[in-house]
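S.K.: Got a structure for you, questions after.
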Number of protein chains: 2
Amino acid sequence: MTQIKRVSECPPGDDLGNVVPLTAHSLKAACSQCNLQELCLPLGLSEAEIQRLDSLVSTRRKVKRGQHLYRTGVPFEAIYAIKAGFFKTDVLMEDGRDQVTGFQMAGEILGMDGISLESHTCNAVALEDSEVCVIPFAQLEQLSSEMRTLQHHFHKVMSREIVRDQSVMMLLGTMRAEERLAAFLLNLSQRFTARGYSAAEFHLRMTREEIGSYLGLKLETVSRAFSRFQEEGFIAVQQKHIRILDLAALKALLTHTPLPTPHSSHG
Amino acid sequence: MTQIKRVSECPPGDDLGNVVPLTAHSLKAACSQCNLQELCLPLGLSEAEIQRLDSLVSTRRKVKRGQHLYRTGVPFEAIYAIKAGFFKTDVLMEDGRDQVTGFQMAGEILGMDGISLESHTCNAVALEDSEVCVIPFAQLEQLSSEMRTLQHHFHKVMSREIVRDQSVMMLLGTMRAEERLAAFLLNLSQRFTARGYSAAEFHLRMTREEIGSYLGLKLETVSRAFSRFQEEGFIAVQQKHIRILDLAALKALLTHTPLPTPHSSHG
DNA sequence: AGACGCGTTTGATCTGTGTCAACGCTGCAT
DNA sequence: ATGCAGCGTTGACACAGATCAAACGCGTCT
């Protein structure tokens, strides 16, 4: 089935199409013409409704690899829909320790952490040259109150984030190193699939250290788990290029309980 | 300073006031008369607006200790504001492992996980006899679109949940056992304070195993950390009764980096 | 009063992952 | 070409926390 050979593994390095070196803002966004409708905020809206969204989402912003989209503590004004590219979010503790709290790709929404305290509680950094649609939050709320479908869908998007966080907690709280990495790879695979890229072959945009930070592991442990998966024939690793050879085996790692929960065999 | 001697450590066991053994529903809710306004959904609403809320939040539901408020997979219809009592939420994996994802107390909102897939993704269980206000979600959205302040505040509540999840990830991903427990105790202390109870003395509603599950530790490790804190004079533990003796010491555990990040001394 | 059960504490030992260190690969700059 | 810097891999060893096991405290039931 996966007749995909080299289906561009996510947008190639052509700096997102435009030749003009616009620093920011001036780009006109247009949900109605965007191929991410199915994944993004417009999901479930009618043609007419999407056109009303267009007026709200009026600007885009380019973020170069390594640059921040926003930083902890800056006033919250807008949420962002990723038009193209790849981001990480991370939180920094007073003592210098930090943790990657997520990786976000095209069609996903960034910035909802900022609503509650009216300033952002994490950093969002581009892991490759990226572009986001700026959605001024006050205007989104205005439009939401006029469009029930938009309001409802936005609630779903926020709720989805809460559900995602639950599974990260599960991962960090109960899984062993190899399970965590398997879960991570399967999750990426699935999200790439949803975007029309290959489920079995992709480029990691983040370093081993960033993966480790997200998974609550040290980079050496991540590296060893990759090596082990390769030895077992589950995947082929070449630097940041990953090919999944045995999806079922990875899935089995997650469901097969490697720690035979003892409270099942006593009476 | 803490002249509080035995400031009722959360609602006493008088089964929540009413003598009538109403099983459920029939109770009339009334945000306008509730002393949790400052913490709960009505926060920031005017008198008149709160009265409009009353019509929406029309029923309450009692949940006895050990009973479920909702279970994974059941259709999502309402969110719940905790009127009195104490809950945990947990997620169950296919292989039987589970993880407590949170503990919730009076004034906090339960059930927002269900919005995204229209069915709940975790279990909510009462850890003591409790009572919740049922907030039918469709009606909440309806009223939200008519009341911008309510809409905005609800967004803040959801965002607060996302922010909370971030700090749990930080806890699970980067902290050592004793730091986790310290963070846990400080968090409880702060939330009890916000509800008018003593910051320094409280009853844990959950077992060591549930604490461990939440913190990504085994119950023995939790127990040992409690003992250690007691030896050090940070707290006094007697079963589930906790007295904080040295708040500053607990806080110091969190900020003092016990793992001297090495990348600071090379140039 | 005595017995049972559940939750908790404490000790002894094991192990997965962290830590420290060396080396290899790749791409960029000189 | 050559050197350098950043990232990744691999090995040896250490340690925090898991696991296994025993005993205790407290409440409930008979």
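S.K.: Would you tally the residues in the stretch B:51-79 being surrounded by fewer than 19 Cβ atoms within 10 Å (Cβ to Cβ) and touching a helix residue (DSSP H, G or I) at 6+ places or on another chain (Cβ under 6 Å)?
M.R.: Looking only at that region, the number is 2.
S.K.: I've got another one for you. Between A:S144, A:S116, which is within 12 Å of another protein chain (Cβ to nearest Cβ), within 16 Å of B:M158 (Cβ to Cβ), outside any strand (DSSP E or B) and open to solvent by 10 Å² or more (accessible area, probe 1.4 Å)?
M.R.: Within the list A:S144, A:S116, the selection yields A:S116.
S.K.: Here is a follow-up. Output the number of residues of the stretch B:88-113 satisfying the condition of being buried (at least 19 other Cβ atoms within 10 Å of the Cβ) and more than 7 Å from chain A (Cβ to nearest Cβ). Give the steps one after another, and end with the answer.
M.R.: Of all residues in the stretch B:88-113, those buried (at least 19 other Cβ atoms within 10 Å of the Cβ) come to B:88-91, B:99-113.
Applying the additional criterion that residues be more than 7 Å from chain A (Cβ to nearest Cβ) yields B:88-90, B:100, B:102-111.
Residues that pass the stated criteria total 14.
S.K.: Something else: State all residues of the stretch B:157-187 that are more than 8 Å from chain A (Cβ to nearest Cβ), without any contact (Cβ under 8 Å) to a residue 40 or more places away in the chain and away from DNA strand D (no atom under 16 Å from the Cβ); if no residue qualifies, say none.
M.R.: Result: B:N187, single match.
S.K.: Taking only the stretch A:126-141 into account, find how many residues are within 8 Å of chain B (Cβ to nearest Cβ) and surrounded by 21 or more Cβ atoms within 10 Å (Cβ to Cβ).
M.R.: 0
S.K.: Any residue in the stretch B:166-186 that is surrounded by fewer than 17 Cβ atoms within 10 Å (Cβ to Cβ) and over 29 Å from B:F76 (Cβ atoms)?
M.R.: yes
S.K.: Just one of (1) within 30 Å of A:N35 (Cα to Cα); (2) out of contact with any Gly (no Cβ under 9 Å at 6 or more places or on another chain); (3) away from DNA strand C (no atom under 16 Å from the Cβ) trips up A:L245, so point out which.
M.R.: (2)
S.K.: What pairs come up if the first residue lies in the stretch A:118-137 and is of a type in the set (F, W, Y), the second is open to solvent by 20 Å² or more (accessible area, probe 1.4 Å), and their beta carbons are under 9 Å apart, counting only those six or more places apart or on different chains?
M.R.: A:F137/A:F76; A:F137/A:E77
S.K.: Of all residues in the stretch A:224-254, which are of a type in the set (G, A, S) and either more than 15 Å from DNA strand D (Cβ to nearest atom) or part of a helix (DSSP H, G or I) (or both)? Reasoning before the result, please.
M.R.: Initial filter on the stretch A:224-254 (of a type in the set (G, A, S)): A:225, A:227, A:233, A:236, A:248-249, A:252.
Correct list: A:A225, A:S227, A:A248, A:A249, A:A252.
S.K.: Within the stretch B:200-208, is even one residue more than 12 Å from DNA strand D (Cβ to nearest atom), more than 30 Å from A:Q151 (Cα to Cα) and open to solvent by 60 Å² or more (accessible area, probe 1.4 Å)?
M.R.: Yes, some residue in the stretch B:200-208 is more than 12 Å from DNA strand D (Cβ to nearest atom), more than 30 Å from A:Q151 (Cα to Cα) and open to solvent by 60 Å² or more (accessible area, probe 1.4 Å).
The values are calculated or read from the model by the stated rules, or taken from the named source; none is laboratory data. Note that the structure is a prediction, hence the values are computed from the model and not measured. Please note: Cβ atoms are built from the backbone with ideal geometry, for glycine as well, and neighbour counts cover all protein chains shown. We work out accessible area using only protein heavy atoms, side chains counted, and drop any ligands, DNA or RNA first. Shrake-Rupley method; radii C 1.70, N 1.55, O 1.52, S 1.80 Å.
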